[in-house]
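Accompanying notes for the structure given below.
The values are calculated or read from the model by the stated rules, or taken from the named source; none is laboratory data. Remember, it's a predicted structure, so these values are computed and weren't measured experimentally. We place every Cβ from the backbone using ideal geometry, glycine too, and count neighbours over all the protein chains shown. Side chains included, ligands, DNA and RNA excluded: accessible areas come from the protein's heavy atoms. Shrake-Rupley method; radii C 1.70, N 1.55, O 1.52, S 1.80 Å.
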Amino acid sequence: MGFYTSPSFFIVLAALAIPAAACGVMERGLKAWGMVASAIMLAFLFGSSSAQSAAFALFVCVACTCAYATLASWKSGKKSMVVYRVFLAATIAPLVAYKVGAVFDQNILAFAGISYVTFKAVQVLIEIRDGLITELRPADYLYFLTFFATITSGPIDRSRRFMDDVRRQPTRAEYLDMLSRGMLLLLLGAVFQLVIASVAKYYYVPTRPLATPSIAYGVARQVANAYLYGIYLFFDFAGYSMMAMGASYCFGVRTPRNFRAPFAAVDIKDFWNRWHITLSTWLRDFVFMRFVRWATKRKVFGSRLSCACAAYMVDMALMGAWHGLTADYLAYGVYHGALLAATEAYQKKSSFHRRNRDRIWYRLLSWFITMQLVFFGFALFSGQLHLIAERIING
């Protein structure tokens, strides 16, 4: 069963949402039924592959063992950073094995949603280490890891926010509002993903020869492909995210928003505040800020600006690797890291920017340049530029 793509998914979702709606209307707890619904959905997701089922079960066991062992260590006062790092490495190891294996066409420990679930498990471990999580109920944590609505395509929720939702009993009026919003998000997401994204994908022709019928036409075709792919990617991914939010709302979980008009961004920093928000904020909180603190404490860089620029490069390189250890994804990450670093340096040092940043003409020009850079990045991400380079080299 394909989540958010196959008719059978929506039929099963509707059947499972009816008891959830009954619980919500009667002001009864939604967590128990949500866990049952997640178990049923995961059985459909992994049921046709024993290898994926085993890999997912192994990951959940490892994540739970590492989280509770770390929590016990911290609560007992024996805060061993070595032990914490071992558990952190063990939690990340399945994702690393999967990404490395994929380079060699090997599905090592692979299961649908491994990237998203790993980031959720890592977040819990880090926040236990930081003292932000001092209590972790087994049922709540298991539900957080296995919640079906966001497991395959995000958004990447945070444990404390998620657990606040599942522990809180909404009133009838609150739940009915959530249910209506959920149904609207499911419908809008389906239009985004199944209609608009499909149309953009239909006209996206990445294999069109560069010089047919002329070089000018070929270049124009490739430029159009970059825009069509970016439009397709947005509506496809945003559609998935909206439907995941909609399904979550039906079960009383306010899964956070993942996109906020990214094509209205006026600079690259603004773009990443609007695009794949839950991933970019996860990386900001757990990579960027920690790298800055680490580098500042050790005086690695001569200035705060240099430190921030290096942090952007590390942050975005990891983002690229999270998507996959291929040249296209890694180049995409490095490219956006360089853009963010350049934007930070320009905005901090340019008096021209400070004088004009609020002027309409400047914002329009900044928006136009940003969009060209964004869509060029999509051409990197999709492998389109890789294909063009291969065709040029091979004649």
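Key figures
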{"quantity": "Failed item, numbered, when A139 is tested on (1) in contact (Cβ under 8 Å) with a residue 60 or more places away in the chain; (2) more than 21 Å from C23 (Cβ to Cβ); (3) surrounded by fewer than 17 Cβ atoms within 10 Å (Cβ to Cβ)", "calculated": "(2)"}
{"quantity": "Some residue of region 80-93 being open to solvent by less than 40 Å² (accessible area, probe 1.4 Å), in contact (Cβ under 8 Å) with a residue 12 or more places away in the chain and either among the acidic types (D, E) or in contact with a Phe, Trp or Tyr (Cβ under 8 Å, 6 or more places away or on another chain) (or both)", "calculated": "no"}
{"quantity": "Selection count where residues are within 18 Å of S8 (Cβ to Cβ) and touching a residue at least 12 places away in the same chain (Cβ under 8 Å), scope region 32-46", "calculated": "9"}
{"quantity": "In region 349-386, the residues that are over 21 Å from R274 (Cβ atoms) and surrounded by 14 or more Cβ atoms within 10 Å (Cβ to Cβ)", "calculated": "N356, G383, Q384, L385, H386"}
{"quantity": "Residues within region 320-341 that are within 16 Å of Y116 (Cα to Cα) and either open to solvent by less than 50 Å² (accessible area, probe 1.4 Å) or charged (D, E, K, R) (or both), tallied", "calculated": "4"}
{"quantity": "Only one of A37, A57, A69 that is farther than 24 Å from V287 by Cα, assigned to a helix (DSSP H, G or I) and touching a Phe, Trp or Tyr at 6+ places or on another chain (Cβ under 8 Å)", "calculated": "A37"}
{"quantity": "Filter pass, A317 being in contact with a Gly (Cβ under 6 Å, 6 or more places away or on another chain), open to solvent by less than 50 Å² (accessible area, probe 1.4 Å) and in a helix (DSSP H, G or I)", "calculated": "yes"}
{"quantity": "Matching residues in region 113-136 - criterion: being over 16 Å from W322 (Cβ atoms) and crowded, with 18+ Cβ neighbours inside 10 Å", "calculated": "V124, L125, E127, I128, R129, I133, L136"}
{"quantity": "Residue count for region 319-342, restricted to those that are more than 18 Å from V287 (Cβ to Cβ) and either over 23 Å from the mean Cα position of the chain (by Cα) or not charged (D, E, K, R) (or both)", "calculated": "4"}
{"quantity": "Residue in region 302-309 that is buried (at least 19 other Cβ atoms within 10 Å of the Cβ), touching an Asp or Glu at 6+ places or on another chain (Cβ under 8 Å), under 28 Å from L365 (Cβ atoms) and of a type in the set (G, A, S) present", "calculated": "yes"}
{"quantity": "Close pairs from region 334-359: first over 17 Å from F381 (Cα atoms) and among the charged types (D, E, K, R), partner surrounded by 15 or more Cβ atoms within 10 Å (Cβ to Cβ) and at pLDDT 95 or above, Cβ under 7 Å, at least 6 apart", "calculated": "E344/A308; E344/C309; E344/Y312"}
{"quantity": "Candidate set: region 11-25, residues that are free of Cβ contacts under 8 Å to residues at least 12 places away in the same chain, surrounded by fewer than 17 Cβ atoms within 10 Å (Cβ to Cβ) and not β-branched (V, I, T); chosen: the one nearest to G252 (Cα to Cα)", "calculated": "A22"}
{"quantity": "Positions within region 279-301 being buried (at least 18 other Cβ atoms within 10 Å of the Cβ) and among the hydroxyl-bearing types (S, T, Y), in sequence order", "calculated": "S280"}
{"quantity": "Residue pairs meeting the criteria (Cβ under 6 Å; at least 6 apart or on separate chains; first farther than 19 Å from S153 by Cβ, in region 169-196; second open to solvent by 60 Å² or more (accessible area, probe 1.4 Å))", "calculated": "R172/E27"}
